[in-house]
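Chemist: Below are the structure tokens for one structure; questions will follow.
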Amino acid sequence: MKNDSFYDTDNYKKKRQTSNKSSVSYRTSKARNASYKPVSAASSGKKTKRMNEHEPNHPPKKVSKKKHGCLLPLLLFIVLIGIIAFFAFHFSVKGAFSKIKKYPLDRSNVTVNDTDANIKDYQNISLFGVDSQDNKITDTGSRTDCIIIASIHKSNHKVKLMSIYRDTYVSIDGEYDKINAAYSYGGPELALRTINRNLDLNITDFATVNFKALADAVDVLGGIPLTITSEKELKNLNDYIGNMNHINGGNSPKFDKVGTYTFDGNQAVAYSRIRYMEGGDHARANHQRLVLEGIMNAAKKQPFKLGKLISTVLPQCKTSLSDNDLTKLTFSMARSSITDSQAYPFQSEDERYGGIYYGFPITAKSNAIKAHEYLFGTKNYEPTDELQKISAKIKIVTDDIGLTD
């Protein structure tokens, strides 16, 4: 006969509660004992022993939470300061851009060729350096001593530069002359129209600088490294340094021997203007690209000087770009890199024609095809009918003076 007390409800509950408490106590004790492992004196320092002795019941999670709790306000503060600095720089840049001379470009008077399917992926800007002895930027009357096309990929921000030799023989609205005369004859509109018609491009924006702006840019950045490669180059460079000291003011020293130096502003501009040396206009255009690359590389390495650079140089420039365009371009250039620099024409011959020295593209058509492949990666570009007519007329001249392709 079973004992009825075994089935008694109250007794049953008391037995279960007692059993549960014993079980919990046993598991807790077991877990605590398991968490402690003997540590030898050789493998643990005083710090570890002290922690085991004095902080045995502090779970790691609590320590972690305490650390995160301290770091979070600091991180938020840093982020806040970063945001404030960004907007402060953004608005200071926009304020500086308001000082630049804006040119109301008549885009209806600029021929645009966008038959190359790849050209839409790039922002193309023409950079003009005017040959003005008084450092004034006038809309006409000054020839462009420097012409550089900057082609910026809209997605990856990579930049390719292409200089155009100043003596290049081109069609200027049907009249044939050196390309550097277009700006002097008809200002930015005629200069852009001439570039677009002779190379099948779509450039509708430009920036024009004078000698002083370029020199100031180099000085703000603390100079740029350049190399003097020959005694003839050294002699011509020193002559131009004296000329730049006269135009810009200052007393930049001349160099004693060939080699690599850190050039100041007047020295760098003089370097970009050397004309009478082996390679002629080709070597000069290469020097101009080296100076521009030096400025861009120095600016990227010293972003804290960007504000001063902008406020010092831009008031001496003229551009068709709006303040918003300039702001976007500035932040884009901060992430960009110059991947290559070449010169147009890729194949040319220098010769006198009618008593004047020109650089003749051999041929205009084939050089334009190479320009599109270089700038936009377009293989076998087919030039427009107008460019092919221009090329044919230039070929008549080159054939007449004995130049062949």
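Just so you know, all these numbers are worked out from the coordinates, no wet-lab data involved. Predicted, not measured: the structure shown is a model, and the values here were computed from it. Every residue, glycine among them, receives a Cβ derived from its backbone with ideal geometry; neighbour counts consider all protein chains shown.
Chemist: Give me, ordered by chain and number, the residues 5 or more places off Ile224 or on other chains with an amide H under 5 Å from its own placed amide H.
Modeler: Phe263
Chemist: Charges on Cβ only, +1 for Lys and Arg, -1 for Asp and Glu, centred on the Cα centroid of the range 101-400; of Leu329, Leu237, His153, which one is farthest towards the dipole's positive end?
Modeler: Leu329
Chemist: While we're looking at this one, here's another question. Give me a comma-separated list of calculated 3J(HN,Hα) values for the range 163-180, in order, Karplus coefficients 6.51, -1.76, 1.60 applied at θ = phi - 60°, integers in Hz, x for any Gly or Pro.
Modeler: With coefficients 6.51, -1.76 and 1.60, one gets 6, 10, 4, 5, 8, 4, 7, 9, 8, 10, 6, x, 9, 9, 7, 5, 5, 6 Hz.
Chemist: Which whole-number percent gives the relative contact order of the range 101-400, counting Cα pairs below 8 Å spaced six or more residues apart?
Modeler: Values: 560 pairs, mean separation 70.2, N = 300.
After rounding, I find 23 percent.
Chemist: Further question on the same structure: Taking θ as phi - 60°, what are the ³J(HN,Hα) couplings along the range 377-388 by the Karplus curve (6.51, -1.76, 1.60), each to the nearest whole Hz, with x for Gly and Pro?
Modeler: x, 7, 8, 6, 4, 9, x, 5, 4, 5, 5, 5
Chemist: While we're on this one: Determine the sum of side-chain charges near Tyr122: Lys and Arg each +1, Asp and Glu each -1, restricted to other residues whose C-beta is under 14 angstrom from that of Tyr122.
Modeler: Values: positive: Lys120, Lys154, Lys158, Lys160; negative: Asp114, Asp116, Asp121, Asp200, Asp205, Asp340, Glu373.
Residues close to Tyr122 contribute a combined charge of -3.
Chemist: Could you sort 149-158, 392-401, 165-174, 190-199 so that the peptide with the highest average Cβ count within 10 Å comes first and the rest follow in order?
Modeler: Numbers: 149-158: 16.2, 392-401: 14.5, 165-174: 20.1, 190-199: 23.7.
Ranked by mean Cβ neighbours within 10 Å, highest first: 190-199, 165-174, 149-158, 392-401.
Chemist: If contacts are Cα pairs under 8 angstrom and at least 6 residues apart, what is the relative contact order of the range 242-386 in percent?
Modeler: Working: 85 pairs, mean separation 16.2, N = 145.
Here the relative contact order equals 11 percent.
Chemist: Additional query: Distances longer than 34 Å among the Cα atoms of the range 101-400: what percent of all pairs is that?
Modeler: Working: 8113 of 44850 pairs.
So the pairs more than 34 Å apart make up 18 percent of the total in the range 101-400.
Chemist: Which net charge results for the neighbourhood of Tyr165, defined as the other residues with beta-carbon distances under 10 angstrom from its beta-carbon, given Lys and Arg at +1 and Asp and Glu at -1? List each step's numbers first, then the result.
Modeler: Working: positive: Arg166, Lys178, Arg284; negative: Asp167, Asp281, Asp350.
Every neighbour counted, the sum reads 0.
Chemist: Mind checking the range 356-390 for trypsin sites (Lys or Arg not before Pro) that DSSP puts in a loop (not H, G, I, E or B) and that have at most 10 other Cβ atoms within 10 Å? Before the final figure, lay out the partial values.
Modeler: Values: sites: Lys365, Lys370, Lys379, Lys389; in loops: Lys379.
Loop-located and lightly packed - Lys379.
Chemist: Based on DSSP, what percent of beta bridges with both residues in the range 101-400 are antiparallel, to the nearest 5? List each step's numbers first, then the result.
Modeler: On the way: 31 of 45 bridges.
Counting DSSP beta bridges with both partners in the range 101-400, the antiparallel share is about 70 percent.
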